[in-house]
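Only one structure is covered here, and it is reproduced in the block below.
The values are calculated or read from the model by the stated rules, or taken from the named source; none is laboratory data. Nothing here was measured: the structure is a model prediction, and the numbers come from that model. Backbone-built Cβ (ideal geometry, glycine too); neighbour counts: all protein chains shown. Side chains are part of the model used for accessible areas, which takes the heavy atoms of the whole protein and leaves out ligands, DNA and RNA. Shrake-Rupley method; radii C 1.70, N 1.55, O 1.52, S 1.80 Å.
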Amino acid sequence: MESDPNLVRDILDFLTERLVEYAQYQVESGAQIIQLFDSWAGQLEPELYDEWVVPYQKRVVRRLKRNMPHVPLILYAAPMKYSTGGAYLERMAQTGVDVVSIDHTIPLHEARQRLDEAGFGHVTLQGNMSPSTLRDGPEGQIVEQTTCLMKSAIKELREMGPSCRRYIMNLGHGIDKDTPESHAALFVKTVRAFGLRDNSP
């Protein structure tokens, strides 16, 4: 970026166009929602992030919203050197996505409060479950953390009313390759069961 910024911009322009085309192809092939993974963006410090990440994210979102306004868009960035603790949370919401997927390094209630205070109460949150808990267990801990997170989301919805949008249960990072299949199945079963019973906080 420092030695040849024009080349980097050309590459990012090219990738932006290809990403838009690919996302549209996915929707034409049956996808009902698109999640944009900018996993390594958190390796850039704030000034570089604002210059080399945000403009291209916004372009992708703007193009997709113009061409496919009915398709919800999710944006995710992994917890890296400069992005842990939700450091870029508001920047991600500013791109115009419908959902910001958060990692497991920021409490769900804090992420919700920050977005609301920044004027992004309409943005839905996703994620926050620790992938290491899902991988390592034990099973009781998986059920406990999953249930606790779901109850927290329900509590926020009830207390904050219309300013607080839906919550999508998910991990705060990709599922680890060493995660037992039985742990993943238990996670899904716990989430589904939660929606079928009385969810009083």
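For the reader, a short list of remarks on this structure follows.
- Hey, TYR82 over 16 Å from ILE168 (Cα atoms), among the aromatic types (Phe, Trp, Tyr) and at pLDDT 95 or above or not: no
- Taken as a whole, the structure leaves THR95 outside the set of residues that are assigned to a loop (DSSP other than H, G, I, E, B), in contact with a Pro (Cβ under 9 Å, 6 or more places away or on another chain) and among the β-branched types (Val, Ile, Thr).
- Here MET80 fulfils each of the conditions (1) among the hydrophobic types (A, V, I, L, M, F, W, C); (2) more than 13 Å from the chain's Cα centre (by Cα); (3) over 24 Å from GLN145 (Cα atoms) apart from (3).
- Subset of the range 112-129 (residues that are closer than 9 Å to VAL100 by Cβ and in a loop (DSSP other than H, G, I, E, B)): PHE120, VAL123
- Applying the criterion of being outside any helix (DSSP H, G or I) and open to solvent by 90 Å² or more (accessible area, probe 1.4 Å) to the residues of the range 2-16, the residue that is modelled with the lowest pLDDT is GLU2.
- Output for the range 130-143, where each listed residue is part of a loop (DSSP other than H, G, I, E, B) and within 18 Å of PRO79 (Cα to Cα): SER130
- Scanning the range 21-48 for residues that are crowded, with 16+ Cβ neighbours inside 10 Å, closer than 17 Å to VAL97 by Cα and touching a Phe, Trp or Tyr at 6+ places or on another chain (Cβ under 8 Å) yields GLN35, LEU36, ASP38, ALA41.
- Enumeration of residues in the range 172-193 that are closer than 13 Å to LEU149 by Cα and crowded, with 18+ Cβ neighbours inside 10 Å: GLY172, PHE187, THR190
- Qualifying residue in the range 64-76 (condition: outside any loop (DSSP other than H, G, I, E, B), over 19 Å from MET169 (Cα atoms) and polar (S, T, N, Q)): yes
- Every residue from the range 49-75 that is of a type in the set (Val, Ile, Thr) and either in contact with a Ser or Thr (Cβ under 8 Å, 6 or more places away or on another chain) or open to solvent by 20 Å² or more (accessible area, probe 1.4 Å) (or both): VAL54, VAL60, VAL61, ILE74
- Residues located in the range 157-171, provided they are modelled with pLDDT of 65 or more, open to solvent by less than 80 Å² (accessible area, probe 1.4 Å) and closer than 15 Å to ARG112 by Cα: TYR167, ILE168, MET169
- If you go through the range 123-140 and pick out every residue that is in contact with a helix residue (DSSP H, G or I) (Cβ under 8 Å, 6 or more places away or on another chain) and surrounded by fewer than 14 Cβ atoms within 10 Å (Cβ to Cβ), you end up with 1.
- For LEU36, the conditions (1) over 20 Å from LEU15 (Cα atoms); (2) in contact with a strand residue (DSSP E or B) (Cβ under 6 Å, 6 or more places away or on another chain) all hold with the exception of (1).
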